[in-house]
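The values are calculated or read from the model by the stated rules, or taken from the named source; none is laboratory data. This is a predicted model, so every value here is computed, not measured. Quick reminder, even Gly has a Cβ in these numbers, built from the backbone with ideal geometry, and neighbours come from all protein chains shown. Please note that ligands, DNA and RNA were not included when accessible areas were found on the heavy atoms of the full protein model with its side chains. Shrake-Rupley method; radii C 1.70, N 1.55, O 1.52, S 1.80 Å.
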Amino acid sequence: MTILITGGTGKTGLKLAHVLNEAGHAVLLTSREGEVPHPFKGVKLDWLDPSTFTNPFDADPAIDRVYVVGPIGVLDTLPHVKPFIDLALTKGVKRFVVLSGSPVPKGGPIAGKVHEYLAEIGVDYAVLRPTWFIENFSTAFVAPIRAHNRIVSAAKDGRLAFVSVDDIAQAASDALLDEKSWNSDRYIVGPELFSYDEVAALLSKVLGREIKHKRLTEDESRSIFTSVVGLDVEYANFLVNAEAQIADGAEVAVFESDNKIVGKKHLQEFFETNRETWVI
Ligand SMILES: NC(=O)c1ccc[n+]([C@@H]2O[C@H](COP(=O)([O-])OP(=O)(O)OC[C@H]3O[C@@H](n4cnc5c(N)ncnc54)[C@H](OP(=O)(O)O)[C@@H]3O)[C@@H](O)[C@H]2O)c1
């Protein structure tokens, strides 16, 4: 039996591939080009090109579980993902594990309608709802930290429990392999709450130079998401709203929820291990 990992070149997908491979499970990874890192086998799958949807099943008819990372930057992924789910069911897939996010309820934007669809059709599924990734500090946040010694957000003093992709991958592995399917969603959070001011202070300590949290207005934040990150305005509005919700305490409520998995990796360890990323 083979586990298909969509978004196999991405942050969580590739970690998950290593976790499953080390535990002796067969995996097949997808990317838009079909190229994936060694030692994995890759196949081309593009959510925006349904003609690629049969590729995984042609490459490996033994696929019975799928990790779903939908198209990136798309505000409603269901129109792209549903035809693939429907096809996968005819090919013998028995369980889907979907990457969503803490601010995305069932029926909400991005993966929210995929969540709703899986719950409705009665197939085995799990929806992972991680909060913001620790690894954002080594991707999206790197340029302003290196160029201007600052972390930017519209989250004000709101606190959140940044989570590592290692911990998300472990939760995905459990959701795929647990004998009894979860058939529900779970938040995935890191072990500690931080405001962006506190993150900036921690990184300052690790780097030995002052990093500040620049508090953006919602308009400034929207402008960065559209003009720097290249998102369309509706998607940018979703992210700006999610930052406003952090400011209003939504991620503290997630951290205090009973329906959560708490990861092990600490932000300080990540900063210390990857210190060179922000050294200038
Ligand atoms: N970053 C966060 O803090 C955070 C928090 C909660 C939830 N999330 C969710 O996590 C998901 C992943 O985000 P990420 O930024 O970490 O991305 P990522 O997983 O690092 O990369 C995206 C992956 O999806 C693939 N991909 C992109 N567009 C595709 C398409 N049209 N068809 C098929 N595959 C495609 C990419 O493969 P190729 O480019 O190789 O084709 C890559 O493997 C998003 O849905 C996001 O909402 C993120």
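Observations on the model:
- Among the residues listed as PHE255, PHE194, PHE225, the single one being within 18 Å of VAL142 (Cα to Cα), open to solvent by less than 70 Å² (accessible area, probe 1.4 Å) and not polar (S, T, N, Q): PHE225
- When residues in segment 102-142 are screened for being part of a strand (DSSP E or B), over 18 Å from HIS80 (Cβ atoms) and more than 15 Å from the ligand (Cβ to nearest atom), 1 of them pass.
- Elements of type strands (runs of 3 or more DSSP E) contained in segment 150-216, each with 3 or more residues being within 30 Å of ILE63 (Cα to Cα): 184-189
- The residues of segment 84-101 that are within 16 Å of the ligand (Cβ to nearest atom) and either assigned to a loop (DSSP other than H, G, I, E, B) or touching a strand residue (DSSP E or B) at 6+ places or on another chain (Cβ under 7 Å) (or both), listed by number, are ILE85, ALA88, PHE96, VAL97, VAL98, LEU99, SER100, GLY101.
- Only one of the numbered conditions (1) within 11 Å of the ligand (Cβ to nearest atom); (2) crowded, with 17+ Cβ neighbours inside 10 Å is not met by ARG65, and that is (1).
- Residue list for segment 9-30, filter: under 23 Å from GLY92 (Cβ atoms) and within 11 Å of the ligand (Cβ to nearest atom): GLY13, LEU16, ALA17, LEU29, THR30
- Condition check for GLU210: charged (D, E, K, R) and surrounded by 14 or more Cβ atoms within 10 Å (Cβ to Cβ): no
- Given (1) touching a Pro at 6+ places or on another chain (Cβ under 8 Å); (2) within 15 Å of the ligand (Cβ to nearest atom); (3) within 26 Å of ARG222 (Cα to Cα); (4) open to solvent by 10 Å² or more (accessible area, probe 1.4 Å), number of the condition ARG150 does not satisfy: (2)
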